[in-house]
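Take a look at the structure set out below.
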Amino acid sequence: MSQSEMICRCFRVSRATVEQAVDVLGAENVKDIVRITEAGSGCMCCRCKIQELIEQRRAQNIELELA
Ligand code: FES
């Protein structure tokens, strides 16, 4: 998955934007991502992908903190 990969096509939100919302703004769930980026608030078919990405990113961040 590349940084520029489009996660939400309805609102043209990329993977990098979702990751930044997690890293910088502390988004913890899909609801946070919707509030911050609008991704997931249209057809909603990207919500599973957003949830997956949040979990991956948070796990990576925890690993970095523990290293
Ligand atoms: S693709 Fe994200 S709300 Fe439609």
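The values are calculated or read from the model by the stated rules, or taken from the named source; none is laboratory data. A quick note: this is a predicted structure, and the numbers were derived from the prediction, not measured. A quick note on method: Cβ atoms are made from the backbone with ideal geometry, for glycine too, and the neighbour counts reach across all protein chains shown.
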Kindly establish whether residue 55 is surrounded by 12 or more Cβ atoms within 10 Å (Cβ to Cβ), within 10 Å of the ligand (Cβ to nearest atom) and acidic (Asp, Glu).
no
Residues of segment 22-67 being under 18 Å from residue 8 (Cβ atoms) and of a type in the set (Gly, Ala, Ser), which ones?
27, 39, 40, 41, 42
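Checking the conditions here, which among 49, 31 is within 9 Å of the ligand (Cβ to nearest atom) and part of a helix (DSSP H, G or I)? Break it down stepwise before answering.
On the way: 31 fails: within 9 Å of the ligand (Cβ to nearest atom).
When all the criteria are applied, what remains is 49.
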Which one of these is surrounded by 12 or more Cβ atoms within 10 Å (Cβ to Cβ) and out of contact with any helix residue (DSSP H, G or I) (no Cβ under 7 Å at 6 or more places or on another chain): 34, 18?
34
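On the basis of being within 12 Å of the ligand (Cβ to nearest atom), in a helix (DSSP H, G or I) and surrounded by fewer than 17 Cβ atoms within 10 Å (Cβ to Cβ), does residue 10 make the cut? I'd like the intermediate steps shown before the answer.
Working: within 12 Å of the ligand (Cβ to nearest atom): yes; in a helix (DSSP H, G or I): no; surrounded by fewer than 17 Cβ atoms within 10 Å (Cβ to Cβ): yes.
No; evaluated as a whole, the condition is false for this residue.
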Looking at (1) modelled with pLDDT under 95; (2) within 8 Å of the chain's Cα centre (by Cα), can you tell me which one residue 63 breaks?
(2)
Filter result for residue 65 (acidic (Asp, Glu), surrounded by fewer than 16 Cβ atoms within 10 Å (Cβ to Cβ) and in contact with a Phe, Trp or Tyr (Cβ under 8 Å, 6 or more places away or on another chain)):
no
When residues of segment 13-28 are filtered for being within 15 Å of the ligand (Cβ to nearest atom) and of a type in the set (S, T, N, Q), how many remain?
2
